[in-house]
Each structure stands twice: as C-alpha cells, then as structure tokens.
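Working notes, beginning with the structure itself.
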Amino acid sequence: MSSLTVPCVLMRAGTSRGPFFLREWLPADEAQRDQALIGAIGASDLLQVDGVGGGSTLTSKVAIVSRSAQPDCDVDYLFAQVGVGQKSVDTRPNCGNMLSGVAPFAIEQGLVAAADGETTVRVFNVNTRSRIDVTVQTPGRRVAYEGSTGIDGVAGTAAPIRLDFLDAWGAVTGSVFPTGRRIDRIDGVEVTCIDAAMPLMIVRAADLGVGGREAPAELDANRALLERIEALRLAAGQRMGLGDVSGSVVPKPVLVSAGDDEHSITSRYFTPRRCHASHAVTGAIGVAAAFALPGTVASGAAHEPGTRRIAVLHPQGRIDVEVQIDGRGAEARIQRAALLRTARKIMQGELHIPDYVFSRPPEGDKPMKRLLAPALAAALAAAAPAALAFPTKTITIVVPTAAGGGNDAMARTIGQKLSTLLGQTVIVDNRAGANGAIASEYVARATPDGHTLMLGYIATHAMNPALQKLRYDPVADFEPIGLVGYSPTLMVANATVPVKDVKDLVAQLKAKPDKYTYASAGNGTAPHFAAELFKLNAGVVMLGVPYKGAAPAVSDTIGGQTQFMFPSLFTAVPHVKSGKLKAMAIAGPKRSPLLPDVPTLKEAGIDGVEVQQWYGFFAPAKTPKPVVDQLNKALNQVLADPEIIKRIEDHGADVESSTPEQFGALVKAEIGKWKKVVQQAKLTAD
C-alpha cells in the first residue's frame, strides 16, 4: 500500500483556509477521496500536526473544482468540511468564504479564460445546487491578489472579490421558510427557520438569557446554553424537513441582537456546537435576509423595496451584505445578495498523503497517474464491464425531491437495508429542482457501474417527459432496476380553510374563481397533473404554485401560503394524522384502508381524476446486466422484509416488486398514457 501524491494549491479564502484541488487530482472513488482529504488535513488529531489543517473548523476546509456540467455555469465547486480530531468529511453544507478562492483557482488552472481588467466566473455550488457569480480582478489577464480591500478577521488588504448569490433561496430545502412560517415556537422559544444560502435557525439572544455580544469563548464555556441551542436545532431540523440532524452541521444556529444602527444586526454564528470566531459568509447572507424581510425574529425596521446594504456584526468586525428586495410585507422576497471577500494563494505544489489513511490501496501515487486514472478506469469499464466486482464503493441513491418528503423517506428506508445486503455504505443525495430533471440528468450521465442509482417515480419517468422535452430520455438513458410500489394521490387542504368538502369547494370556486391556490411539487409532477385534472373535470379555476419538491409544497400548505394540494398518500398521511392537513378525497379508484372515511373524488362527484403514483429504482443506461440483476435481487429482498413492508404501508403505499423487464414495460406504458392526458387536458409546462 503506497502513499498518494497529488497537486495542491493552499489558499486563504475569506476568513477560511484550506487546500484547493481539481476534481481529477483526487481519487475517483468517493470513499478513497474522503480518506485522502482526511489525510491531507490531518483530521485524526485535534492539533492536525500531520496535515495542512490548523486545528480549527475554519482551517479544515477543502474546495474541489472542475469544469461545470451545468450549461449556464463555468465551474462546479464541491465544498468539504473535514473533521477536527475525528475522521469525517461532510459535503452537505456550503462555504461562502472558500467560494471566494474558487474563481482565482479556476482561472489559474486554465478552466476559465481571464478577461483584461476583471473576470466574472459563474460557479455552480454542488452542495446546495445554486449559482454564484464571482468577479475577480484580472489586469493583464492575470489574477491579482494584491489590493486595498480589507475584511474583518484577516490581516492586511487584498484585491476585492465580489460574490453575487443568484438563486440560493431555498436551495437546500426548497423553500426560503421551509416550515411555512417566518416565526416558529419551539419549546417556548421563538425561532426563524430560513434557507437563504445556508439553512439557519435564528434565535434572539435575549430569549436564551444572553446579551448577544459575548466573545465566542464565553459562549462556548456556557454548557447549558450550548445544550439548549442544540436541542432547539434538532427540533428545527425536523420542522425544516431535514430529518434527524444530530449527525449533520445544518441547520446552523444563530443568536441575534440589536446592531449599532438601523442598518445593522449583531450575530453570533455557531458551527453548530461552537461559536464561530468571526462569521460564515453564507450565514451572513441568511442573517441579512432575515433582517431585511418582515415578520422574522431578526427583522429590522420596515423598508421600501429595492437594494439596501446591511451590516452583519460579528466578533471580528462586520460583513456588509447588499440585498435586493421585491414586494412588501408578507409578499417581500429576496431576489439577490452580494458581498465582497478577498483571497490569497499561500503555496502551490504537491501534497503527500500517507498510506495509512487508506482502508485499501489508492489508485496511484503520482500526479500524472492521477490525471490519467479516470480515463483509464472508464476505458477498462467499457472493455470488460461484466468482469468488474460489485459493489466496490459507496452506493448513492439520488432522490429528485427535497429532504423530508415521501420519496426521501422511502429511499432512506430502503437504503438502510440495501447497505446491509450489499455490504457497502448507501447514502441518499437529494437533488431537488426542475421538477426532477436535475436529478434525472445527473444520474443519466453518471458512470454506469451500479454505484449511482435513482429513486425515480411517476413524475420523473412518465409525467414530466410527457409534458415537455427534457435533456434526458426516461427510457433510453436508464436501466430499470425494479418497482418499489404504488401510492394513490390524496386531495388535502390547509386545516383551517373554510371548506366543508369537495362539493363545497367546487361551489366556492365557481362563485369566485381563483379564490384558492394549490401547491404542487413542480410542473410535470403528480400533484400538478392531479390538480389540473381536478380543475378540468370540476370546471373550476384555481391558481397553481410550483415548488422544488413535495416537502416544501406540503409545508406551505400547512402554513396557509397555499390552501390545497394533491400529494401522494405516502407523503400526506403523517400530516393528516397529526391534524396539520385535512383529507378531502382520494384521487384514485378506491378508498384507502388508512383513511376509510375519506371518499374518492368520483364518490364526491368529480370523475376522471385517478392518479396512482408509482416508485422504482433506476441506474444509468449501459449499467452491466449482472449488476442490474444483482441490484434487483437485493431490492426485492428488501421489499420482502415484513418490517419494510409495514413501514411503507403505514404511510399509505402498497409495496410491489418486479423484474427489471416488467418495470421497464410499466415505464413505457405510463409515458404513453400521460402523453394522451397532456393532449386531452391541454396541459403545458408553464
């Protein structure tokens, strides 16, 4: 077992520091990549004396950069937070400070051509699926690091780097306010749960018995305070649809208090179990957004729509954030946010990673070999795919909807059992957006070796393709693995909406069209089709609001921003049983045993609205047949487990397994069926 030598650029970026790598410099295998990062930083001990880390989370960060797979972006940026005193790598959060070094690094590595004067690089943050324009000074077409811009928390001055966050709003959860409210009360404390560049849980410092301007060391020494904050954070994570966040660093907790004037707010940002020595950039954007928008625990004085500058005051000074606000009151929305950072290249050379950090030999030990390894591996895979062992590394299940929804729950339930059967770690990667197209395109273009799978469903592989032309083919670009089951669609209403039943709703909508709005998981999804079929067959008008997945759509329906929705029974049942949603009717052929008193829409007088949702696993096209068969066998074993059957059926889905061939035939039949519905109902993607 030999050591690994890779090219590396060590940079100070904003108030963080860490190594920057091109993606091809690191092992292609994710498990070995993470082991390499642990060895590079020296994560095993608190002082990190055996690596380039500095014994702090702020200096245990890594940026991995590559040419972008997104058509409107220049480079992809994957951020990794490496542990301090523990062997861990977390790629769930983003880091805006490290982001400020991505464009200079990309230009100097030849990924982006520099303009004379300044160069704007559009960066796609892989962690949060969001875009940022990064503008760098490039006089004479060369990156300039020297300049007169200073940022608090860093000695000296440097050239300014402007970060313009274009679509970071709800990037992780699918909604800026993922609970559906701008203020929630958790255990008697008012909090604001916001997803703006980074999922945050914001609390007034005074509500936890502190002033809010204490030094980080003083707050860290207050064990009772830290335990209280963590308890609130865990509860907030559940409400935000992030599930159990005890092993995650998001949402980040923030304590806020009054600033120095009407344009500033004081913040203490936690990482999450220690107070940040200064402040995260993404956290500053979230705090500034909460300050600029009315109705949050951090809201400042009301202001007119437009662009304003907000100072987020932190232990080392301040971060000035420029935000653009559209609308007033409850309709106010953040359109964009920008701020200045600086960066400096510290050194460039080769990083030597010892062999003992790897659980198995890496794929090479020299930079040139590392550069050639991905192409060589691909060639070998193409030449003899059937001879490859499977599985040999972590298996990723890509879910096309936000965390916290029914699809996510199903994938995690099945993934846990698959991990045991296949003898490899199975992780879930939520890639919400574009009505499932982002996740579908990603999997369609993934290496066809069985290690990247997708939990597809009726929307991604039948309805959306029937509705519009996409950049993936639901049949040609995938290998069907197997069916998981079915779930009828349920018509639900906000618990407080003044509607008795379906007949009453139809009467109200005919008397006043567009009186109510419905939420969908995005155009081309089952909730969208069901709602449009309902409108068509009932002869009513109701405005639709598309979301990035079912979880945020359900959240806003619970919160009252929308009044009706047509989620799957699997997604809706927990909220109906808790009283947060009111079940109106089953959009299917028969009543559900879980809700025996809820009529079908046909029984309620509306015929022709039967939307039976289905779910199944797919792999990229050209995945070797032996691998597909092995995955199908393991999946069907999971679906035969009485515990799994009960967990899925308790949520309102019927488990049904299949062969790959049977599942493939179902997909083809469903596409034909929904194309006819699109034509008959004259549905569009707009």
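Some values worked out for this structure:
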quantity	calculated
Apportionment of accessible area to carbon and sulfur, the chain, percent (1.4 Å)	51
For LEU351, residues with placed amide H under 5 Å, excluding near neighbours	VAL6, CYS8
Residue order for SER657, SER66 - accessible surface, 1.4 angstrom probe, largest first	SER657, SER66
Label-point separation in nm, ALA301 to LEU594, each point 7 Å along Cα→Cβ	5.1
The chain, accessible area per residue, ligands and nucleic acids excluded (1.4 Å, Å²)	39
GLU108-GLU322 FRET efficiency (beta carbon distance; Förster radius 22 Å; 0.05 resolution)	0.20
Gain upon complete extension [ARG185, ASP244; 0.36 nm per residue less C-alpha separation]	19.4 nm
Alpha-carbon centroids, the stretch 267-285 and the stretch 104-124: separation in whole Å	28
Whole-angstrom gap from the stretch 292-360 to the stretch 182-221, using each part's C-alpha centre	17
Net charge of neighbours whose Cβ lies under 13 Å from the Cβ of VAL121, counting Lys and Arg as +1 and Asp and Glu as -1	-3
Fully extended contour minus Cα-Cα distance, from GLU262 to GLU331, at 0.36 nm per residue	22.7 nm
For the stretch 548-568 and the stretch 456-505, distance of Cα centres in Å	14
Ordering of 339-350, 221-232, 449-460 by packing [mean C-beta count within 10 Å, highest first]	449-460, 339-350, 221-232
Per-residue ³J(HN,Hα) for the stretch 663-668, Karplus 6.51 cos²θ - 1.76 cosθ + 1.60, θ = phi - 60°, Hz, x for Gly and Pro	5, x, 5, 4, 4, 4
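The values are calculated or read from the model by the stated rules, or taken from the named source; none is laboratory data. Predicted, not measured: the structure shown is a model, and the values here were computed from it. All Cβ positions, glycine included, derive from the backbone under ideal geometry; neighbour counts span all protein chains shown. The protein model used for the area step is the full one, side chains on, heavy atoms only, and it has no ligands, DNA or RNA in it. Shrake-Rupley method; radii C 1.70, N 1.55, O 1.52, S 1.80 Å.
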